[in-house]
Structures are given as C-alpha cells and as structure tokens.
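The values are calculated or read from the model by the stated rules, or taken from the named source; none is laboratory data. As the structure is a computational prediction, the values presented were derived from the model and not from experiment. Positions of Cβ are backbone-derived with ideal geometry, glycine not excepted, and every protein chain shown enters the neighbour counts. Areas reflect the complete protein model, heavy atoms only, side chains present, ligands, DNA and RNA absent. Shrake-Rupley method; radii C 1.70, N 1.55, O 1.52, S 1.80 Å.
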Amino acid sequence: MPVHVLPAESPLILSMPHTGTDIPPVWYRRLNETGQGLIDTDWHVDRLYDRLVPDATIVRARFHRYVSDANRDPEGASLYPGQNTTGLVPLTTFDGDPIWDDPPTAREMKSLQSAFFAPYHAALAAQIARVQLAFGYAILFDCHSIRSRVPHLFEGRLPDLNIGTYNGASCDARLAAGVAGICNRASGYTTVLNGRFRGGWTTRRYGRPHAGVHAIQMELAQSTYLTSEQEPWHYDAEKASDLRDVLRELLQYLIGWTPGSASSIKQNI
C-alpha cells in the first residue's frame, strides 16, 4: 500500500505527505543521478513526531514526492503564483535542477496521480470524516520540513518554525493564535505565521473551519533537527530532543482545544 494509516481516538490527525522514499524501480531508473538523491525529502519527520502524543491519527505517504507530490494541486494550479515551485509530478528539485533522464509523459503523470496521490487523499479524507463523526470536528496538522536555505524558492534563511493557515482561511483564528503563541515562546527558535509557506494544497483543500475541519501546516527548517542539511541527512538526536519538546506541547494543545472554547488558548498567548 502506498499509504500508512494509524487511526487513533482524538480530534487530531497528523498528515505526512513527504516523508516517504519508496519509488517503483521502473521509475527510479528513469531518474537522473540528481533525482535518485531524493534531496527534497522531508527527512525523518515521521521519527521527529513519533510517539509525541499517544492519541493522534497518522496518515503517512510511503511513496516519494518525485513520483507524486501529495501536497500539490491535482489540477496543476500553482500554490504560490509568480514564485518558483514544483508540480504534482516534479521535473526539478527545489534548486531548479532537472531530476529525470526520461521524464514522464502527461499520460504517465495521470497514471502516477492515480497510483499514489489519489490513494493518499482517499485515506486522509476517510480519517477526517471518521474523526469528525466521532468528535464533531477535526484538526489536521500537516507535517513538513525543508532545508533552511533554498535560494531558488526563497531569499535568505527560512525561520525555524513556519506556520501556515492559508492566511487565516484554513482554521479558527483562536487555534492559530494558540499555535503561534507556543512557537513564539519556544526558546532558541524563530517563528513566522503565513510567511513564505502559507499552507500547501492539503491545508487549503481540507481546512474548512465553518464546516468543522481546521487545518494547519507546519514547515520546519531541517537545521533544527538534522546534523547537516545535506547528504546523508543524519538525524541529530540532541537537536531533535529540544524540538520534540516544542512539538509535543503543540500537539497536546491541539488535542485539548475545542471549537468555541476561549479557555483553550488563554494560557498559550
């Protein structure tokens, strides 16, 4: 199966569309040396969030984003018009370097979408519906990471903790304020709300606060938990321990938050 699902009994769902590294051999052989390096993986994000809280549902892609990016608009619309980005089936790295010796055709891209993108979102939508039926609402926390410096995508150095709520449209404003409050208080980390990363397709597609689904994207700078932001992408347990403390507080807050309850955020602002 291209998707791993671990159901749990709380309003919180963690989505991880970019941690997978599986690529069918027939496609791996068509990548060039740069593509086979899988540079744009959200390295170790699943490990980073592992067992932070006991009762969050997890939906994680096993497949790599180079065969289908589960956080892109399936119709091909840019998430950030006028800025460099990558598509549903990327042709380049985040640095703008080609990744294919033999790029997929338009028809093959549709096939990849059916094989990977569609099952991932079917699984995610099913878990959102299940959780919403059980609790009356759902909180989707979309878990990501990226190198802190990618000049092709953004200038300078990315803040450590990048919160995206589609400029406030994808979740309750009080929920976003609580998350931002925790991040802003976290010692040693820089934070931005709706900066370069305002939430990908997942956040924008499912975040419907008026309908009881609240979606937030967290884009972490990989410098906060990797030994270095280059191959072999080693996980730094000491760095990660400090970051996990912040993430644990965030997830505990999200699980305890309820719509219409101001008490959920008073201690977090």
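Quick look at the values:
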| read-out | value |
| --- | --- |
| Total residues in region 1-52, condition within 23 Å of Ser228 (Cα to Cα), touching a Cys at 6+ places or on another chain (Cβ under 9 Å) and of a type outside the set (Phe, Trp, Tyr) | 8 |
| Any hit, region 257-266, residues being out of contact with any Pro (no Cβ under 7 Å at 6 or more places or on another chain), charged (D, E, K, R) and at pLDDT 95 or above | no |
| Residue list for region 48-62, restricted to those being in contact with a Leu (Cβ under 6 Å, 6 or more places away or on another chain) and open to solvent by 30 Å² or more (accessible area, probe 1.4 Å) | Ile58 |
| Enumeration of residues in region 63-112 that are hydroxyl-bearing (Ser, Thr, Tyr), at pLDDT 95 or above and open to solvent by less than 60 Å² (accessible area, probe 1.4 Å) | Tyr66, Ser68, Thr92, Thr93 |
| Region 160-175, residues that are open to solvent by 10 Å² or more (accessible area, probe 1.4 Å) and within 16 Å of the chain's Cα centre (by Cα) | Asp160, Tyr166 |
| Count of region 129-145 residues which are open to solvent by 10 Å² or more (accessible area, probe 1.4 Å), in contact (Cβ under 8 Å) with a residue 12 or more places away in the chain and of a type in the set (A, V, I, L, M) | 1 |
| Scope region 210-239; condition assigned to a helix (DSSP H, G or I) and in contact (Cβ under 8 Å) with a residue 40 or more places away in the chain; matching residues | Gln222, Ser223, Thr224 |
| Residue within region 27-47 that is loosely packed, with under 15 Cβ neighbours inside 10 Å and without any contact (Cβ under 8 Å) to a residue 12 or more places away in the chain present | yes |
| Residues located in region 96-108, provided they are of a type in the set (A, V, I, L, M, F, W, C) and under 17 Å from Arg29 (Cβ atoms) | Ile99, Trp100 |
| Which listed residue, of Asn71, Asn84, is in contact (Cβ under 8 Å) with a residue 12 or more places away in the chain, more than 30 Å from Ser10 (Cβ to Cβ) and assigned to a loop (DSSP other than H, G, I, E, B) | Asn84 |
| Candidates Gly212, Gly181, Gly207, filtered to the one that is farther than 19 Å from Tyr49 by Cβ, buried (at least 22 other Cβ atoms within 10 Å of the Cβ) and at pLDDT 95 or above | Gly207 |
| Selection count where residues are of a type in the set (Val, Ile, Thr) and outside any strand (DSSP E or B), scope region 56-68 | 1 |
| Lone unmet requirement of (1) outside any loop (DSSP other than H, G, I, E, B); (2) farther than 24 Å from Gln252 by Cβ for Ile128 | (2) |
